[in-house]
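Written out below as structure tokens is the structure these notes cover.
Throughout, read-outs are computed from the coordinates displayed, never taken from laboratory work. Every value quoted in this text rests on a predicted model; they were computed, and no experiment measured them. Every residue, glycine as well, gets a Cβ built from its backbone with ideal geometry; the counts of neighbours run over all protein chains shown.
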Amino acid sequence: MNIRDESVLRELNLYPLWVRRGITVAADPVSAPFAEPQPALLATSQPALQQAEGPVVSSSGWIELKQQVRDCTACKLRAGCTRTVFGVGDENAEWLFVGEGPGADEDAQGEPFVGQAGKLLDNMLAAIRLKRGSNVYIANIVKCRPPENRTPESGEIATCLPYLQQQIALIKPKLIVALGKTAATTLLGRESTLGSLRGTVHEYQGIPLIVTYHPAYLLRSPAEKAKAWQDLCFARQRMST
């Protein structure tokens with residue numbers, strides 16, 4: 001294990017790893033903390049959330065879509081935020097990570113996941129040999145910060161969702177990782193618990209989708225980091241098949 005691997009595992013509260021004598025552990029430091037994930041059934045998503053009355057998003061390219069998001073006033077969230085937070089990363093990425101919505105730091109800087117949750121997400125990416133902006137795109141379900149960081153309302157989600165749908169159409173990722181319940185249930189088009197959605201390869205419009213915890217939740221509940229690590233190993237395994 002090199003110094004970088006060790007620091008990442010420490011950040012995720014997954015180091016050191018104590019192993020009972022006589023048990024063989026994989027040499028790969030990324031997959032070592034967990035047994036190899038078992039193959040999962042493919043779960044097909046339900047129809048996407050219906051779009052509320054709002055912007056008509058054309059099937060245009062990145063420049064036009066970014067302008068549409070900047071100019072959008074279709075729901076009440078825009079009036080209460082500093083700026084829209086479009087998304088960031090490699091526009092031809094194989095990996096797409098989708099969160100819920102911008103927080104205070106993201107609203108101030110105009111980029112998703114830049115606060116403490118962003119630092120943790122960067123460490124999560126590093127743990128599976130990924131890096132922000134390199135074969136990775138990061139976006140949110142809604143582009144404007146909800147007041148007091150509350151969960152976006154269903155109407156706000158439905159109004160903003162076409163922007164994300166167009167981003168997905170442009171990126172054409174090989175895998176979507178939904179960070180948290182709001183992202184997962186929105187993309188899958190059905191209400192369910194996060195626990196019941198983990199550990200299975202779902203599908204969003206033909207694209208494999210895996211569900212894990214939102215980094216902000218992991219900061220509040222660090223004991224769940226081990227489960228998130230398992231999800232990341234599962235996602236890495238899925239991309240290697």
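Report the local net charge at LYS172: Lys and Arg +1, Asp and Glu -1, summed over other residues whose C-beta lies under 11 Å from its C-beta. Local net charge: -1. Annotation note: GluC sites (Glu not before Pro) in region 147-193 located in DSSP loop regions with a Cβ neighbour count of at most 13 within 10 Å are GLU191. Computed about the Cα centre, the dipole magnitude for region 105-166 is approximately 340 debye when only Lys and Arg (+1) and Asp and Glu (-1) carry charge, each at its Cβ. Sorted ascending by nearby beta carbons within 10 Å, beginning with the fewest, ASP231, ASP105 become ASP105, ASP231.
Listed by Cβ neighbour count within 10 Å, with the fewest neighbours leading, VAL88, VAL136 appear as VAL88, VAL136. Ordering ILE207, ILE138, ILE63 from the fewest to the most neighbouring beta carbons within 10 Å gives ILE63, ILE207, ILE138.
A straight chain from ALA79 to THR193 at 0.36 nm per residue would run longer than the Cα-Cα distance by 37.9 nm. Ranked from largest, the principal axis spans of the Cα set of region 58-240 equal 39, 33, 30 Å.
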